[in-house]
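Asks: Here you go, one structure.
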C-alpha cells in the first residue's frame, strides 16, 4: 500500500496567517497533537500542540513561529513502511505527503498507517510463523523457500533482522501458508537451522510486532 492511498482527507493544513488559537481548536477537533503547515502548496513542516500551548498570545500567527520537521514528508508513491520509519525516527504522529511536483497533497496519520499495516495480506492470511537464527553468511531466501515448498507449502512473507546479541547472526521470520508446520520445522532442523520460535493462527510476526510496539511507545493508543 502506497502513501497516496493512505491520505487522511479530514485533517486540514494550517496557513502561515492562521493563529495559534485557531490551530488549538483544530487540534482538539481532529484529536491530533500536530498539524501540517503549508504555504503556496508547499509543505513547510509541523506545528505541535506542546509547542503552541505554552504561548500566551493566541492571536500570534503561525508564520511567526519556528516550525519543526520540515523534512517529515513522503512522496505519494512511497510504501507505508517508509511512513512508519519516518514517524518512528522523528517521534511524530502524522506525516505530510507531496506529489512529483513537490506539492502538498495531504497528511497520513500513524494510526491509519498501523491499520493498513495490520490489514496487509501476510499479516491477515491464515498460516504460521517460524523464526530462525543463522549466521548472516548462510542466509538464502531461495533455499529457505525451497525447503518450505518441498513440504507442499509456500512462504507468504519474510523479514530479516540482525541479532542484537551477536552481530554475525540474523533472525529470519517466515510467514508460511500452513497452520501445521511440523514437517517444515523438522526439515529446517534436519538442515541444521536453529528454530527460535513458532506461532500459529496468523499471529503477527516478531518483526511486525517490534515495529508496532516501537510506535505505541509514544502514541496514546
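The values are calculated or read from the model by the stated rules, or taken from the named source; none is laboratory data. Computed from a prediction, not measured in an experiment: that's the story for all the values here. Cβ coordinates were reconstructed from backbone atoms using ideal geometry, including for glycine residues, and neighbour counts include every protein chain displayed.
Asks: Out of the residues in region 159-181 meeting the condition of being in a strand (DSSP E or B) and modelled with pLDDT under 85, tell me which one is farthest from the chain's Cα centre (by Cα).
Replies: Among those residues, the one meeting the criterion is 162.
Asks: Let me ask something else. Report yes if some residue within region 26-38 is more than 19 Å from residue 116 (Cα to Cα) and within 15 Å of the chain's Cα centre (by Cα); otherwise report no.
Replies: There is no residue in region 26-38 that is more than 19 Å from residue 116 (Cα to Cα) and within 15 Å of the chain's Cα centre (by Cα).
Asks: Same structure, new question: Would it be correct to say that residue 53 is in contact with a strand residue (DSSP E or B) (Cβ under 9 Å, 6 or more places away or on another chain), in the same structural domain as residue 112 (by TED's automatic domain parsing) and touching a residue at least 12 places away in the same chain (Cβ under 8 Å)?
Replies: Values: in contact with a strand residue (DSSP E or B) (Cβ under 9 Å, 6 or more places away or on another chain): no; in the same structural domain as residue 112 (by TED's automatic domain parsing): yes; touching a residue at least 12 places away in the same chain (Cβ under 8 Å): yes.
The answer is no for residue 53.
Asks: Continuing with the same structure: Within region 78-88, is even one residue in the same structural domain as residue 44 (by TED's automatic domain parsing), within 19 Å of residue 23 (Cα to Cα) and touching a helix residue (DSSP H, G or I) at 6+ places or on another chain (Cβ under 8 Å)?
Replies: Initially, region 78-88 is screened for residues in the same structural domain as residue 44 (by TED's automatic domain parsing), giving 78-88.
In the following step, the residues that additionally are within 19 Å of residue 23 (Cα to Cα) were identified as none.
No, that holds for no residue.
Asks: Please find, within region 161-182, the residue that is surrounded by the fewest Cβ atoms within 10 Å (Cβ to Cβ) out of those that are closer than 18 Å to residue 197 by Cα and free of Cβ contacts under 8 Å to residues at least 24 places away in the same chain.
Replies: The first filter runs over region 161-182 and keeps only residues closer than 18 Å to residue 197 by Cα, leaving 161-166, 169-182.
Next, from what is left, pick out any that are free of Cβ contacts under 8 Å to residues at least 24 places away in the same chain: 164-166, 182.
Values: 164: 8, 165: 6, 166: 11, 182: 11.
So the residue we want is 165.
Asks: Could we say that residue 32 is closer than 14 Å to residue 93 by Cα, in contact (Cβ under 8 Å) with a residue 24 or more places away in the chain, surrounded by 14 or more Cβ atoms within 10 Å (Cβ to Cβ) and assigned by TED's automatic domain parsing to the domain that holds residue 104 here? So that I can check it myself, show each step before the final result.
Replies: Values: closer than 14 Å to residue 93 by Cα: yes; in contact (Cβ under 8 Å) with a residue 24 or more places away in the chain: yes; surrounded by 14 or more Cβ atoms within 10 Å (Cβ to Cβ): yes; assigned by TED's automatic domain parsing to the domain that holds residue 104: yes.
Taking the combined requirement at face value, the residue satisfies it.
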